[in-house]
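A quick write-up on the structure given underneath.
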Amino acid sequence: MVVDRRTQIFIWVAWFAVFPIGLWTAYQISPPTHFYHHFDFLVTSGLSCIVALIPIVVNQIPFSVTQWLTLFVFLKYGLFAEVILAQIITFIVLLRLRLPKEKWYNFPLNSIMFMIVSFVSGTIFYIFGGEHVQAGNLTINFVVLAGLYMASYFMINQILFTGAFSFLYKTRKPLITKAFLWEGLIHLIAFPVGITLFFLYDLVGVSSFLLVGAPIISTQLILLKYNTSKEINQYLQKAVETGHRLTERLKFEEVLNTFIDHLLNMFPADYLYIFDDMNDDRLQAVRCYENGKFIRMGVKPLRL
């Protein structure tokens, strides 16, 4: 799906207006707490970048598993530090996706979305009496408020994502999907991990990042390796199936249509062009697929 140029410009202009004001407001609401240490925050940011680069992929959808780190940073250092970390993670995740130039608007769009998510969830935490305390002063009320913060973070993110999808592509997207459920499960698992890190940090300091982070990163690497192997097997199976279907067709048009259908099922794409050799050093487009539908061929023959 393609976003028109005017909408992309609007997103960039909105980001240039929202981003600096958002950072300033976050600092005024909740500057870094007296527990803040520059070195430890740098270690947290570095660990977040590593975790962000190792997604969990479910049904070809990558999921970032950094929520336990953003929870720790918010509870320990406050809203401003969490906003900074969330922006760093967002940038790293989008860089990992290697977006084409026409989709660079995702950088300011996601930056605005996560800034709103941070603000609203953090504000909910403060409104209900949440405070930044040492682990030795943990109470049931504090844990409940941390859970409320995590739940708010998840729900607001999903609502904004659904709204942004409708705004960009002028089509409705259901809120409850498989991606919604998987994201909810990841947040549910990340919550006790973030609380554990928060508690361990006061006991053993920066070493807690190694104690908690090492098994999580190892698990992500194992899941990523497993998913890669499984994905390759699925592609091989689909390729064999495509070969069988092609041999059942006799006419050129039938073979071509079958090939295109299976190719789009294997590799979802916005654009697909099939060219035929004209035997005179030219390639003629015989199929043009753009944005979910076939269009009339307006592509001129290409010379080799």
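The values are calculated or read from the model by the stated rules, or taken from the named source; none is laboratory data. The shown structure was predicted, so the numbers you read here are calculated from the model rather than taken from an experiment. Neighbour counts are summed over all protein chains in view; Cβ atoms, including those assigned to glycine, are modelled from backbone coordinates with ideal geometry. To get the accessible areas, we keep the full protein, side chains included, count just its heavy atoms, and leave off ligands, DNA and RNA. Shrake-Rupley method; radii C 1.70, N 1.55, O 1.52, S 1.80 Å.
Looking only at the range 84-103, count how many residues are over 17 Å from Y169 (Cβ atoms) and under 14 Å from the mean Cα position of the chain (by Cα).
13
Checking K170 against (1) under 18 Å from the mean Cα position of the chain (by Cα); (2) on the phi > 0 side of the Ramachandran plot: exactly one of these is not met. Which one?
Among (1) under 18 Å from the mean Cα position of the chain (by Cα); (2) on the phi > 0 side of the Ramachandran plot, K170 violates only (1).
Can you name every residue in the range 159-179 that is in a helix (DSSP H, G or I) and in contact with a helix residue (DSSP H, G or I) (Cβ under 6 Å, 6 or more places away or on another chain)?
L160
Report, by residue number, each residue of the range 129-142 that is open to solvent by 50 Å² or more (accessible area, probe 1.4 Å) and either in a helix (DSSP H, G or I) or under 17 Å from A190 (Cα atoms) (or both).
Across the range 129-142, the qualifying residues are G136, N137, I140, N141.
One line per residue, one yes/no per condition, for (1) of a type in the set (G, A, S); (2) over 18 Å from G78 (Cα atoms); (3) open to solvent by 40 Å² or more (accessible area, probe 1.4 Å):
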position	(1), (2), (3)
I127	no, no, yes
L148	no, no, yes
I156	no, yes, no
F161	no, yes, yes
L168	no, yes, no
R172	no, yes, yes
I176	no, yes, yes
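Restricting the first residue to the range 271-297 and requiring it to be closer than 14 Å to L256 by Cα and open to solvent by less than 60 Å² (accessible area, probe 1.4 Å), which pairs with a second residue that is at pLDDT below 70 and of a type outside the set (D, E, K, R) meet a Cβ separation below 6 Å and a spacing of at least six or different chains?
As it stands, the answer is A285/M297; A285/V299; C288/M297, since those pairs meet every condition given.
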